[in-house]
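Heads up: the structure comes next, in structure tokens.
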Amino acid sequence: MGHKTGKGLGKYGQGRVNIVEASKQRGRRGLGMTVRGFEPSDLEWDTDKEVVSAEEAVDWIDTCTGAVPKLDEMQNWVKTGPKKLVLDGECEFCSEDLLINILKSKSVFDNLEPEEMRRARTRSNAFETIRGVFFLNRAAMKMANMDAVVDFMFTNPRDTQGKPVVGPNELFYFGDVCAGPGGFSEYVLWRKKRGDAKGFGFTLKGACDFKLEDFFAAPSEMFEPYYGKNGLEGDGDIYIPDNLVALRDFILQGTDGLGLHLLMADGGFSVEGQENIQEILSKRLYLCQFLAALMNLRPGGHFVCKLFDIFTQFSVGLVYLMYRAFDHVSIFKPVTSRPANSERYIMCRGLRADAGPIRDYMFNLNLKFEKLGIMSREDIVTVVPLELLHGDDNFFEYIFTSNQRLGQTQMIALSKIQAFCKNSNLHDPRQADMREKCLKLWQIPDEVRTAPDRTVSAQARFNKLTEMSSADFWTPPTKLTLCDLETKVRSVFDYRCQLGGSKQRFLLLSLGKTSIYRWDPLTHNKWVKLTKLNEFLTELPRDTLVEGEIVQELRGEGKGQLKVNSLHILDAMFLSGEDVTSLHFNDRIERLKKFVKAITRPSRSDLAPVRVKDVYRFEEIVQMFERLSMRRVKGSSQPKLCYCLQRHVCEDQPRYITPTGVYFIKTVRDPWMMGQSKKTGMKYFYHTLTREAVHKVPLDSIASFQSCQKSRLLWEWDSSVKLLPEQMYFDSKKLSREHVLDFVAKHT
């Protein structure tokens, strides 16, 4: 087109020759305006200034061997004074230079727009791209990070000999306070993949609440939020003493009076514009989170809680109290916590059994805060005397060193962000490598967060789980009568007994929450969704497939008697996605009990009760009969035969059902059968073909779910079946209680 190098683009070669410069305008500031200290520059960052590694180590304070102080002694430690809203001069537990430089480093960013700060921080942090992986948020990965660094102490606690604290048929109980939307809990529930955990949550109602619907990685049905003295109608304010007491009572009720294995706390609130005094503003939050741990953990339990700066005597005093209440304490900043902020975590291992006085002391401190009120000019400034904090060399040196180390790390990170603000082309090249190494160390799959497919049909989900048709899982039980008792039952030791409460049994498949489908072979051959209108409302974790029946439970007597539809589970195939079909019937029942205990939420009165059927050995069926009695049933003119259910801890009164018969489940698979030595009384397994006899359970003798289904026997009950000694009218030709007990006596 006739253009000549070095000339402009105009007709006569006039016009600009140099390249047009990119705009240096930042954010919403006017053109040409620059912020002092953040002038655009081509400077580079020296990576040798910081240590970046996926490998981390926890430094624990040496264990305090002294006795826990007495409550009366600690009450004399409290000192109040004028409320202070500046951190200047708090140099008892760090050097003066460090405190001045940290405050100065933070203040540099006061005039910088938040978005500019965030962008530079994202590019400068070597661990930024870890984010939340497939969890709800970054908090979940912080918990995963800390859990892995302490050898999964939080989710798999072990005793001093290295043995698991939680038994195979026990639940792992954890609490999550000040923790909405719930990233910590989602991680713990995910790590306990088989539904071995039950969580209790406590947080502020409203925008800070738990978002259970966003728990894509784990079953939120095993997590129960609670909000204080008014239950689900409470406010979730951890400062209120009555709320803390109500939470303690609720957790004790839900853990058989033992308390939690783990309590996590992640409280915080916006301090925009007041970052330098975040520690002072958070002092009561520190106290109440620590108090929640001491009130709700069982002896030996663990605690992890987010802190910020710990420069003041008040904060350090609280840490000292935890140091006296637990076997081991550490102040730790995981790599998932951004290095430029003041965040760190206190990790406490092994609550001491004698820590009660410290718990009571903290409770009294919170009462004192409540009495002072938020508008008071007075404040609690000391909870542990300064001479006591200085006098414990191990503790003081640890806190001082920790503050110095974390402070230096924070100042380096802040200066790095400043450099990345000046040069927008800078980007830490180690981000991808650090993400890969960390996820491998923490045993977290590198997967994308995806929501469950809610469009899949129940039939399609069933086929994927079982690779079989529904009919293959179901065989009608064989009726058991007086005539064939001897011929159909070879050994009473082969059978377990369950009492039916309905004439209809069915399969239930959950696609998550209340999306539960029922398959009833007697009426139709398709999956039908349960609705509250015609059935009942409950929640089951996704990919749960069980056999059950809807039973009407009776509570109380007379005019005040209540009839409540409940789900009674008889057997299981899949529990929260875990295949249990091939386990021994006894093991399936134990897994079911733990599973139902985990999903039971007493605070949810809108959900129908769920329970596992009581199971009896055939040779001990007399125990079942002993729970039978004639009772008045509302709506009936005559007393009815009722069975008293095993009472749960959270139930305030007995529950009864009107039984329909007994199912005999054969738990030993042919050609094996069980016998009992007449000489020793010991039970053994006998192979009817090879005549081999062994005491240990042969693997091929274990009856799977399908095997139990195919060999079931049903003893149906009606008004003509004699079940109680005082019964006057009965049919002597029908199988009765006496016949069964005589049969048992004859064969044992």
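Read-outs: derived from the displayed coordinates by stated rules, not from any lab. All of these numbers come straight from a predicted model, not from anything done at the bench. Every residue, glycine as well, gets a Cβ built from its backbone with ideal geometry; the counts of neighbours run over all protein chains shown.
Here's the picture: a label point sits 7 Å out from the Cα of Val456 along the beta-carbon direction, and within segment 104-147 nothing has its amide nitrogen under 14 Å of it.
Computed packing ranks the peptides 254-261, 477-484 as 254-261, 477-484, most packed first, by mean other Cβ atoms within 10 Å. In this structure the amide hydrogen of Leu537, modeled in the peptide plane, comes within under 5 Å of the amide hydrogens of Ala608, none closer than 5 places in sequence on its chain. Sequentially through segment 202-207, phi angles give Karplus couplings (6.51, -1.76, 1.60; θ = phi - 60°) of 9, 7, 5, 5, x, 5 Hz, Gly and Pro residues having no value and appearing as x. The mean sequence distance of close C-alpha pairs (under 8 Å, at least 6 residues apart), as a share of the length of the chain, puts its relative contact order at 14 percent. When each of the peptides 102-108, 691-697 is scored by the mean number of other C-beta atoms lying within 10 Å of its residues, the order from highest to lowest reads 102-108, 691-697. For Ala572, the residues whose amide H sits under 5 Å from its own are Glu547, ignoring neighbours fewer than 5 places away on the same chain, with H placed 1.01 Å from N. For segment 649-728, the extents of the C-alpha atoms along the principal axes are 47, 35, 28 Å, listed from largest to smallest. Relative contact order for segment 48-441: 26 percent, from Cα pairs under 8 Å spaced at least 6 residues apart, divided by residue count.
Beta bridges from DSSP with both residues in segment 48-441: antiparallel share about 45 percent, rounded to the nearest 5. Considering helices alone, the calculated mean residue ellipticity of the chain at 222 nm is -8500 deg cm²/dmol, with DSSP H runs of length four and up weighted by -39500 (n - 2.57) and normalised per residue.
The phi torsions of segment 152-166, fed into the Karplus equation with coefficients 6.51, -1.76 and 1.60 and a -60° offset, translate into couplings of 6, 4, 6, 9, 9, x, 10, 7, 5, 8, x, 8, x, 6, 9 Hz, rounded to whole numbers, with Gly and Pro shown as x. For the pair Gln504 and Leu522 in one chain, pulling the backbone fully straight at 0.36 nm per residue adds 5.7 nm over the alpha carbon distance. Close amide H pairs (under 5 Å, H built 1.01 Å from N) link His328 with Arg349, residues at least 5 positions away or on another chain.
A Förster radius of 45 Å combined with the Cβ-Cβ distance from Asn394 to Asn586 puts the calculated FRET efficiency at roughly 0.35.
Over the C-alpha atoms of segment 48-441, the Rg to Rh ratio, Rh being the Kirkwood estimate, stands at 0.94.
Applying 0.36 nm per residue to the separation of Ser677 and Val165 and subtracting their alpha-carbon distance, the gain on full extension is 180.6 nm. Legend: translational diffusion of the chain by Stokes-Einstein, Rh = Kirkwood radius over C-alpha pairs, 10 °C, 1.306 mPa s; D = 52 µm²/s. Quick note on segment 482-524: its Rg to Rh ratio, both from C-alpha atoms and Rh being the Kirkwood radius, is 1.18.
Beta bridges assigned by DSSP with both partners in the chain are antiparallel in approximately 75 percent of cases. Using the Karplus relation 6.51 cos²θ - 1.76 cosθ + 1.60 with θ = phi - 60°, the per-residue 3J(HN,Hα) values for segment 72-88 come to 4, 5, 5, 4, 7, 7, 5, 9, 10, x, x, 5, 10, 10, 9, 9, 4 Hz, with x marking Gly and Pro.
Between His695 and Asp235, the distance separating the two model label sites (each 7 Å from Cα on the Cα→Cβ line) works out to 6.5 nm. Within segment 85-129, what residues put their amide N at less than 15 Å from the label point 7 Å along the Cα-to-Cβ vector of Ser41? Backbone N within reach: 108-109. Rounded to the nearest 20 debye, the dipole magnitude of the chain is 2500 debye, with +1 charges on Lys and Arg beta carbons, -1 on Asp and Glu beta carbons, and the Cα centre as origin.
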